[in-house]
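Trainee: First, the structure itself, so that you have it in front of you.
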Amino acid sequence: MKRVLLYAVLAIGATALSAQAQDNTELLARMKAMEDRIQSLETEVRTLRAAQTPPPGAAPAPVPEARAPAAPLPAEQVPVEAPAPALGGAGGAASKVLNPDIAVIGDFIGAAGRSAGNGTPSLEMHESEVAFQAILDPYARADFFLSFSEKAVTLEEGFITFAALPGGLQLKVGKMRAAFGKVNTMHNHVLPWVDRPLLNTNLIGGEDGIDDAGLSLSRIIPAPKLIFLEATAQVFRGDSVGVFHAWERNDLATVGHLRGYRDITESTNLDLGLSYARGHSNVGPGILNQLYGADATLRWKPLRRAIYHSFIARSEYVRSRVSLPNRVTTPSGYYVSADYQFARRWFAGGRFDRADRLNSPIFGDFASFSSDTPFIVNPFNPIVPFTPAFYSQVRTYQDTGGSAILTYWPSEFSQVRAQLRRTVYGERNRVSNELLFQFVFSIGAHGAHPF
């Protein structure tokens, strides 16, 4: 019985081994057939590609004409296609090639409180700026900024920029804001405050600032340790209200500026600048006015929370040197400001100002003097010539101010701002306590301002 069972087990094992060997042989045969089929398909693909490639110099095969429809559609059902515009192969982007980018920015300002005679009305459409900007060709672009007030229209800036000159130079030609400090280069709608600091009002011509017709040449200077260094030299006609006046054709004004920028960390950067300006003063003919300035800007904007938190600290210092016939006077001034973004659309800031002001207790502000003759016409006195006795009446007063600012940005196209401002003027009997509010809104494609 045991032998029978042993024989049976051996027979079953032999049968299983024989079946497994047969299956392996069949699998290998199938794999061999698939490999042959793949090689055959590759050969056919190469043959088809060789047949589709025309020989060199051969004419392309004619394209068969489309057959006309069997039955024409009724006239009322035939679609009418407008002729395609000829854009010179540039596509739809060329449809505006002859039209500049146009933008309009409104600046509405209101004031309440005691003004102490600074002239700010209760409500006014302070400025409407219209911008036209376009790239002329691969070598130049043009920028025009028109300023509309409630009573007049002026050209704030209008210049052409050649950015591809030899030697890495960039040339601007036209009417432009001088590269003196930081605030002088800013348009009203990009200021972080409703007004301009006393430094600019008393020493650099106020809202218009050093803004004149001239030429500007700038170049980026190679510097080590990832420092951005830029030098700018400018020549102007010499007419900037409250700062310079060209009594003669050769009374030109010059401006020089050196800017250095460096990233301190991935979230913090520092911007430093030195400025110099020289021209003939509007105090009188033959009087030189020289301005020396320094500015600093510290920015902090964390990359991971950039839309919610940021901080900017600004400061400028300017010293003027006015060479009067009987003496030299050196009025100076500075401001310090800080702005902190504490929410996505909310900013809070403060500013402290102190600046000297040249004035005459008899004739008032020198910017109002006549430039047609070397005499000053006073409505309360007879004609008084430019004499040492007149220049002895020049006085220097020191004004001090402080402001608290709150700004809300509904979007990048509008902002609402409130500013509490207190100013103590040099006469000591003039104190101003005001609440200023501002609405700024824009439409159109307004280009980015300098960083």
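Trainee: Test Ile135 against the stated conditions and say whether it is assigned to a strand (DSSP E or B), at pLDDT below 95, of a type in the set (Val, Ile, Thr) and within 22 Å of Gly174 (Cβ to Cβ). So that I can check it myself, show each step before the final result.
Mentor: Details: assigned to a strand (DSSP E or B): yes; at pLDDT below 95: yes; of a type in the set (Val, Ile, Thr): yes; within 22 Å of Gly174 (Cβ to Cβ): yes.
The answer is yes for Ile135.
Trainee: Among the residues of region 406-430, which ones are part of a loop (DSSP other than H, G, I, E, B), more than 21 Å from His446 (Cα to Cα) and not aromatic (Phe, Trp, Tyr)? Lay out the reasoning, then the answer.
Mentor: Taking region 406-430 and keeping what is part of a loop (DSSP other than H, G, I, E, B), we get 412-413, 425-430.
Now narrow it down to the ones that are more than 21 Å from His446 (Cα to Cα): 425-430.
Within region 406-430, Gly426, Glu427, Arg428, Asn429, Arg430 qualify.
Trainee: So, in region 273-313, exactly how many residues are more than 27 Å from the chain's Cα centre (by Cα), modelled with pLDDT of 95 or more and among the small types (Gly, Ala, Ser)? Give the steps one after another, and end with the answer.
Mentor: At the first step, the residues of region 273-313 found to be more than 27 Å from the chain's Cα centre (by Cα) are 279-290.
Filter once more, so that each one left must be modelled with pLDDT of 95 or more: 279, 290.
After this cut, where a residue has to be among the small types (Gly, Ala, Ser) as well, the list is 279.
Qualifying residue count, region 273-313: 1.
Trainee: Within region 287-335, can you find the residues that are among the charged types (D, E, K, R), under 19 Å from Trp346 (Cα atoms) and either surrounded by fewer than 16 Cβ atoms within 10 Å (Cβ to Cβ) or out of contact with any Asp or Glu (no Cβ under 9 Å at 6 or more places or on another chain) (or both)? Before the answer, list the steps.
Mentor: The first filter runs over region 287-335 and keeps only residues among the charged types (D, E, K, R), leaving 295, 299, 301, 304-305, 314, 316, 319, 321, 327.
Remaining after also requiring under 19 Å from Trp346 (Cα atoms): 299, 301, 304-305, 314.
If the condition is that a residue be among the charged types (D, E, K, R), under 19 Å from Trp346 (Cα atoms) and either surrounded by fewer than 16 Cβ atoms within 10 Å (Cβ to Cβ) or out of contact with any Asp or Glu (no Cβ under 9 Å at 6 or more places or on another chain) (or both), then Lys301, Arg304, Arg305 are the ones that fit.
Trainee: Condition test on Val318, is it in contact (Cβ under 8 Å) with a residue 12 or more places away in the chain and touching a helix residue (DSSP H, G or I) at 6+ places or on another chain (Cβ under 8 Å)? Spell out how you get there, then give the answer.
Mentor: Values: in contact (Cβ under 8 Å) with a residue 12 or more places away in the chain: yes; touching a helix residue (DSSP H, G or I) at 6+ places or on another chain (Cβ under 8 Å): yes.
Against the criterion (in contact (Cβ under 8 Å) with a residue 12 or more places away in the chain and touching a helix residue (DSSP H, G or I) at 6+ places or on another chain (Cβ under 8 Å)), Val318 qualifies.
Trainee: Yes or no: Asp239 among the charged types (D, E, K, R) and closer than 26 Å to Ala163 by Cβ?
Mentor: Values: among the charged types (D, E, K, R): yes; closer than 26 Å to Ala163 by Cβ: no.
For Asp239, the condition - among the charged types (D, E, K, R) and closer than 26 Å to Ala163 by Cβ - is not met.
Trainee: Residues to consider are Ala213, Ala246; find the one that is in a strand (DSSP E or B) and among the aliphatic types (A, V, I, L, M).
Mentor: Values: Ala246 fails: in a strand (DSSP E or B).
Among Ala213, Ala246, only Ala213 is in a strand (DSSP E or B) and among the aliphatic types (A, V, I, L, M).
Trainee: So, one more: Out of region 313-343, which residues are touching a His at 6+ places or on another chain (Cβ under 9 Å) and not in a strand (DSSP E or B)? Give the steps one after another, and end with the answer.
Mentor: The first filter runs over region 313-343 and keeps only residues touching a His at 6+ places or on another chain (Cβ under 9 Å), leaving 340-343.
Phe342, Ala343, listed by residue number.
Trainee: Next question. Run Glu266 past the list (1) part of a loop (DSSP other than H, G, I, E, B); (2) crowded, with 16+ Cβ neighbours inside 10 Å and report the number of the one that doesn't hold.
Mentor: Every condition holds for Glu266 apart from (2).
Trainee: I'd like the full set of residues that are out of contact with any Lys or Arg (no Cβ under 9 Å at 6 or more places or on another chain), more than 30 Å from Ile227 (Cβ to Cβ) and of a type outside the set (Ser, Thr, Tyr), limited to region 251-297.
Mentor: Gly279, His280, Asn282, Val283, Gly284, Pro285, Gly286, Ile287
The values are calculated or read from the model by the stated rules, or taken from the named source; none is laboratory data. Please read these numbers as outputs of a predicted model, since none were measured by experiment. So basically every Cβ, Gly included, is an ideal-geometry build from the backbone, and we count neighbours across all protein chains shown.
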